[in-house]
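The values are calculated or read from the model by the stated rules, or taken from the named source; none is laboratory data. Everything numeric here is computed off the predicted structure, so don't read it as measured data. In this analysis, Cβ positions are derived from the backbone assuming ideal geometry, glycine residues included, and neighbour counts consider all displayed protein chains. Note: areas computed on protein heavy atoms with side chains; ligands, DNA, RNA excluded. Shrake-Rupley method; radii C 1.70, N 1.55, O 1.52, S 1.80 Å.
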Amino acid sequence: MPAPRLIAFDADDTLWPNQPHFDAAEARLYELLGHYGTPQQFSDQFFAVQRQNLPLFGYGAKPFMLSMIETVLQLTDGQITGQEIQHILDLGKRLLDYPIELLPDVADTLAAVKAQGPPLMLLTKGDLFDQESKLARSGLGDLFDHVEIVSEKNESSYQRILHRHNVRPEEFVMVGNSLKSDVLPVARLGGHAAYVPYHTTWILERVSEAEQAGAAFRQMQSVAEVPAWLRGLAG
């Protein structure tokens, strides 16, 4: 196998926490709107609405707000108040400017990978403005040679990125916490994928064991394992 020529890292829940902020906002909304239904009713309906809206809205805080408003409108037969809609908007806005706190070992790992030589890329999906803002707040921007923010991470989007950067799949490395978005598409293309699980995963990012069958990837306990793994790939 050739040595890696491009190393990419996912952002949310790989470099900094993200899903816990959404989980907390969702739980708070269920408390505020609890007179309209049980948490399970909200959760089931919210999941269905998000899944339906995903092709239209994509990922991030703004789709979260819109889908929650739609969920409550459906559960209340349109009886939600303006003040309650404002609660949803306020919690959603907080998801757009929360402080970025790096996960353990991230800063040292990125510095070590950067020192190894191949270009370093931040490859994330979601709203362009939101993701650019998080990167700026993280203080990590100067470490990355390239930043790619895409609407979806699948085999075709990875192929486009690799073509744009003139890199073959076997020369590409992707590190991330999502099997669905960061690992399986890259593994299926013949690239190197490192799976660094996070303690919580958004329901629409979860995959079954059957979906993982036949995919070759490296699972790690921490991003701190990445530099030594890359040295081994470089031979």
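Rounded to a whole number, what % of the accessible area of the stretch 1-152 do carbon and sulfur atoms account for, probe 1.4 Å? Ligands and nucleic acids excluded, carbon and sulfur reach 54 percent. Using a cutoff of 8 angstrom between alpha carbon atoms and counting only pairs six or more residues apart, the relative contact order for the stretch 118-235 works out to 18 percent.
Can you pull a Stokes-Einstein diffusion coefficient for the stretch 1-150 at 10 °C (1.306 mPa s), Rh from Kirkwood over Cα pairs, as a whole number of µm²/s?
Numbers: Rh = 17.1 Å.
Rounded to a whole number, D works out at 93 µm²/s.
Tilt of helix 19-32 relative to the longest C-alpha principal axis of the chain, in degrees (0 to 90, nearest 10)? Taking the Cα atoms of the chain, the angle to 19-32 is about 0 degrees.
Largest GNM mean-square fluctuation among 31, 209, 101, using the chain with Cα springs under 10 Å: 209.
Ranked from largest to smallest solvent-accessible area, with a 1.4 Å probe on the protein heavy atoms, 222, 208, 181 come out as 208, 222, 181. Rg over Rh for the stretch 103-235 works out to 0.93, using Cα positions for both radii and the Kirkwood form for Rh.
In the assembled protein chains, residue 80 presents an accessible area of approximately 20 Å² (probe radius 1.4 Å).
Which values, in whole Å and largest first, are the semi-axes of the equivalent ellipsoid of the stretch 174-214 obtained as the square root of 5 times each eigenvalue of the Cα gyration tensor? Could the numbers behind the result be given before it?
Values: eigenvalues 53, 31, 11 Å².
After diagonalising the Cα gyration tensor, the semi-axes are 16, 12, 7 Å.
Shape verdict for the stretch 16-71, please, from the Cα gyration tensor: rounded (a/c under 1.5), prolate (a/b greater than b/c) or oblate. Since a/c reaches 1.5 but b/c is at least a/b, the shape of the stretch 16-71 is classed as oblate. GNM remark for the chain: springs join alpha carbons under 10 Å apart, and the peak mean-square fluctuation among 126, 191, 117 falls on 117. By the helix-only formula, in which each DSSP H run with n ≥ 4 contributes -39500 (n - 2.57) and the sum is divided by residues, the chain has a 222 nm mean residue ellipticity of -14500 deg cm²/dmol.
Using the 1.4 Å probe convention, the accessible area of the chain works out to 48 Å² per residue with neighbouring protein chains retained. If you run the Gaussian network model on the chain, springs between alpha carbon atoms under 10 Å, then out of 142, 13, 105 the most flexible one is 142. Subtracting the Cα-Cα distance of residue 201 and residue 101 from 0.36 nm times their residue separation leaves 34.2 nm of extension gain.
Just add up the charged neighbours of residue 111: K/R +1, D/E -1, any other residue whose Cβ is under 12 Å from the Cβ of residue 111. Let's see the in-between values first.
Numbers: positive: 114; negative: 105, 108, 142.
Local net charge: -2.
For the stretch 138-214, the square roots a ≥ b ≥ c of the C-alpha gyration tensor eigenvalues yield an a/c of 1.5 or more together with a/b not exceeding b/c, which makes the shape oblate.
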